[in-house]
Amino acid sequence: MASSCSLFHSSLSSKSKSKFPLPRHQNNTKFNRPPPTVISCTSSSTYDPCPSTTSSNSNSPSPLKSGRLADENIRDEARRHRSIANNTFSAKYVPFNAGPDSTESYSLDEIVYRSLSGGLLDVQHDIEALKKFDGAYWRELFDSRVGKTTWPYGSGVWSKKEWVLPEIDPDDIVSAFEGNSNLFWAERYGKQFLGMNDLWVKHCGISHTGSFKDLGMTVLVSQVNRLRKLKRPVVGVGCASTGDTSAALSAYCAAAGIPSIVFLPANKISIAQLIQPIANGAFVLSIDTDFDGCMKLIREVTSELPIYLANSLNSLRLEGQKTAAIEILQQFDWEVPDWVIVPGGNLGNIYAFYKGFKMCQELGLVDREPRLVCSQAANANPLYLCYKSGWIQFKAVKANTTFASAIQIGDPVSIDRAVYALKNSNGIVEEATEEELMDAMAQADSTGIFICPHTGVALSALIKLRNSGVIAAGDRTVVVSTAHGLKFSQSKVDYHSKKIPDMACRFANPPVQVKADFGSVMDVLKKYMGNKTPNH
């Protein structure tokens, strides 16, 4: 279901001395809320999820229309084929984990990042409206859109549009048809190293910019595109980043023609990550601090300038990221895995996965949720320490250097979200030392998976839980790979060259130096092949 909307809104008030009009500040109760936005919508879909009757059994798919006109692109074709129906779905911001008596809420068209109390926000969908259609209906609808080029449903995110941003007009959507990423059966790795036959790796890094951040950024930048068309005070979009967020933000902003501003910690990300926002035309500030320092600065800047905050403090991104969980269920023909293991840094992603699984269970697509595991680098492990304390006490830590640089975060913004998700999924938190994560990465690479160090952190957690018997040999387990291994080629070079101080690099596979003559080459190959002779 997509919607074409006519909006009547008032401009946001501002009491700043700055020459720029400010967004409504989330912690300043002196700002008056604007009158509610009035939205009238027409909708479209691969087939219409808004039938005239509310009976969930009366829904049947309409055939996909094809045959684009000579002068049409896929947006034009989608616009021409829109059905006319009332949009019955909606979403709004509410305080995260608010009690039933809370009345605080905000339109998604407001620029607000925190609640009045300073807490996190969450995007709340009208679940009762969604429940008018049964689980079988939603499964069929989502499955009907896979592999299509129909705008915008060819995206793994926007194929679940009704559950993401139900009220956005398809013309405002900025998409690279992200998602629909490979679910890799890790047959050899599972059997050889873990004695498992049902181990899977969800390759979220096989994506437009090489990381799972694309899933959330398509949603955020689409909403920014809408806000700019509504003449809201948004000149550009900014983020603090350890690499992947800036790559995704800059790419989607470039596609939409929206300025992007990136705060990066100097000398703490890979060249492959640094070059992406530069190539995409972002305004890049290399700042002599760590990620937490960059995050502090970007939050201060976005409260003074008309720059929209794109970090996961902004709950819009999590709406896109949760679709990876729905996608996993789709790829298993709507069967629920036993375990899902996610590497964690700023900790929004573990909550996004929980939210996706929870919505599927609540709306009847599946009958249960998997258990979640969040794995952190030991050099940046505040969630792990909180978990080991029995969830009693959280303390930010000074994050030390880790090869898993994207999760080198000592004061995660989404700590409350992560704790909530793990408590409600009977979840576990593990950690991985630098040697453990690099060895796990090398082992996985040797079986053809080719992963990033962050996925090595997740695999390290799996190894520990498998060895302790918590995860059984027959448990269907999904390890979430968050970025493409090519983004971290230097760490692989250093490992296989055995150039990492105080690390044995047990699974290193360095090239063999050999003289340029036939005899020398034959001697080396005979020795190698003798060691590889299969045992029968």
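The values are calculated or read from the model by the stated rules, or taken from the named source; none is laboratory data. Since this is a predicted model, take the numbers as computed values, not measurements. FYI the Cβ positions are ideal-geometry reconstructions off the backbone, even for glycines, and counts take in every protein chain you see. Calculation scope for accessible area: heavy atoms of the full protein, side chains included, ligands and nucleic acids excluded. Shrake-Rupley method; radii C 1.70, N 1.55, O 1.52, S 1.80 Å.
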- Task: Report the antiparallel proportion of the DSSP beta bridges in the chain as a percent, rounded to a multiple of 5.
- Result: 40
- Query: Roughly how many Å² of Arg476 are accessible to a 1.4 Å probe, to the nearest 10?
  - Reply: 50
- Using the heavy atoms of the protein chains alone and a 1.4 angstrom probe, what is the accessible area of the stretch 347-399 per residue in square angstrom? 38
- Item | Rh (Kirkwood; distinct C-alpha pairs) - the stretch 235-305, Å | 11.8
- Probe 1.4 Å, heavy atoms of protein chains only: per residue, the accessible area of the stretch 235-305 in Å² is 38
- Query: Carbon and sulfur: what percent of the chain's accessible surface (1.4 Å probe)?
  - Reply: 51
- How far is the Cα center of the stretch 311-378 from the Cα center of the stretch 229-254, in Å? 24
- Using only helices, what value at 222 nm comes out for the chain when you add -39,500 (n - 2.57) per DSSP H run of length 4 or more and divide by the total residues, to the nearest 500 deg cm²/dmol? -9500 deg cm²/dmol
- Output the peptides 333-346, 273-286, 238-251, 369-382 sorted from most to least packed, where packing is the average of other Cβ atoms within 10 Å over each peptide's residues. 238-251, 369-382, 333-346, 273-286
- Message: Which one, Tyr387, Asn197, Met295, projects farthest toward the positive side of the charge dipole computed for the chain from Cβ point charges (K/R +1, D/E -1)?
- Response: Met295
- Message: Over the stretch 129-198, with the other protein chains present, what is the accessible area per residue in square angstrom, probe 1.4 angstrom?
- Response: 34
- Note on the structure: Rounded to the nearest 10 degrees, the helix 453-467 long axis (Cα) sits at an angle to the longest Cα principal axis of the chain of 70
- Query: Among Lys202/Lys492; Lys92/Lys388; Lys231/Lys268; Lys132/Lys202; Lys92/Lys322; Lys322/Lys423, which pairs are too far apart, with a Cα-Cα distance over 26 Å?
  - Reply: Lys92/Lys388; Lys231/Lys268; Lys132/Lys202
- Any chance you could give the angle, 0 to 90 degrees and rounded to 10, that helix 244-256 forms with the longest Cα principal axis of the chain? 40
- Please sort 403-413, 90-100 by packing, taking for each peptide the average over its residues of neighbouring beta carbons within 10 angstrom, highest first. 403-413, 90-100
- Taking only Cα atoms, what is the 0 to 90° angle, nearest 10, from helix 415-424's long axis to the longest principal axis of the chain? 80
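Where does each of 211-221, 519-529 land if you order them by average Cβ count within 10 Å, highest first?
Packing proxy ranking, top to bottom: 211-221, 519-529.
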- Loop-located trypsin sites (Lys or Arg not before Pro) in the stretch 293-330, at most 12 other Cβ atoms within 10 Å (DSSP): none
- Which value, in debye to the nearest 20, gives the size of the charge dipole of the chain about its Cα centre, when Lys and Arg are +1 and Asp and Glu are -1 at the Cβ? 720
